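Worksheet for the structure shown next.
The values are calculated or read from the model by the stated rules, or taken from the named source; none is laboratory data. Since the structure is predicted, the reported quantities are computational estimates derived from the model, not experimental observations. Cβ placement follows ideal geometry from the backbone for every residue including glycine, while neighbour counts extend to all protein chains displayed. Accessible surface is based on the protein model in full, side chains and every heavy atom, while ligands, DNA and RNA are left aside. Shrake-Rupley method; radii C 1.70, N 1.55, O 1.52, S 1.80 Å.
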Amino acid sequence: MACRPTLYPLDLDRAFKKLDTIKSDIVWWSGGAQSQQLLASGEAPLGMFWNGRLHALAQTGVPVGISWNQNLTAADMLVVPKGSKHKAEAMKYLAYATSAQAQAKFATDTNYAPINTKSPSMMPADVAKQLPDNFKTSQINLDMKYWAENRDAIAKRWYAWQSK
C-alpha cells in the first residue's frame, strides 16, 4: 500500500509560491453548477470538482473522468439543534436518511460515498466499485482541527493573494 501524503502543518509559503506560477491560468467557479458548465464547455478542461457533480455531468453524456490520486476528503455531519421544536421528527428523518437502503439509493443517484457501511452491498456492483471510498490509497483526509485553528489566518492570506 502506498504511503499517504502528509500535509500538516501546511507549508503556506510553498503553496502560495506555486499558486503564483499558475494564477493567470486559474478559472474560478463559485458554485457546483458553474463548475459543471465550465468543464462541459471546455473553458476549464480540468480542475477540482465534487465527484457527484462530475457523475451528474457524465449522466448527460459529457465525457468526464476522475483521478482519485490524492483526492481530498472532509468530515461532515447531520445535526438537530438543541431545543428544536420537532426533535422527534428530525431524529426519525436522520434515522431514515442514514439507513443502509436510503444511503444506497443516494449513493447510486449521486456517486457520493454512503455513510452507512452496509449500503454498497445493496447497490449494483458496477456502481459500488466506482464510489470514492474505493480509492483510499492516496486520499488525503483534511485535518479539521488544523483548519479550525488556522482558518482565519489562512483565509486572510488567501483573500489577499486573490486580490493581487
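Details
- Any hit, region 53-73, residues being free of Cβ contacts under 8 Å to residues at least 12 places away in the same chain and closer than 25 Å to TRP158 by Cβ: yes
- Enumeration of residues in region 6-27 that are assigned to a loop (DSSP other than H, G, I, E, B) and either loosely packed, with under 10 Cβ neighbours inside 10 Å or of a type in the set (Ser, Thr, Tyr) (or both): THR6, TYR8
- Note on region 79-91: among residues that are open to solvent by 60 Å² or more (accessible area, probe 1.4 Å) and either β-branched (Val, Ile, Thr) or not in a helix (DSSP H, G or I) (or both), the one that is nearest to THR137 (Cα to Cα) is VAL79.
- Residue check: ASP76 meets all listed conditions (1) open to solvent by 90 Å² or more (accessible area, probe 1.4 Å); (2) more than 19 Å from the chain's Cα centre (by Cα); (3) within 18 Å of GLY52 (Cα to Cα) but one, namely (2).
- Failed item in (1) surrounded by 15 or more Cβ atoms within 10 Å (Cβ to Cβ); (2) aromatic (Phe, Trp, Tyr); (3) within 22 Å of LYS18 (Cα to Cα), with TYR146 passing the rest: (1)
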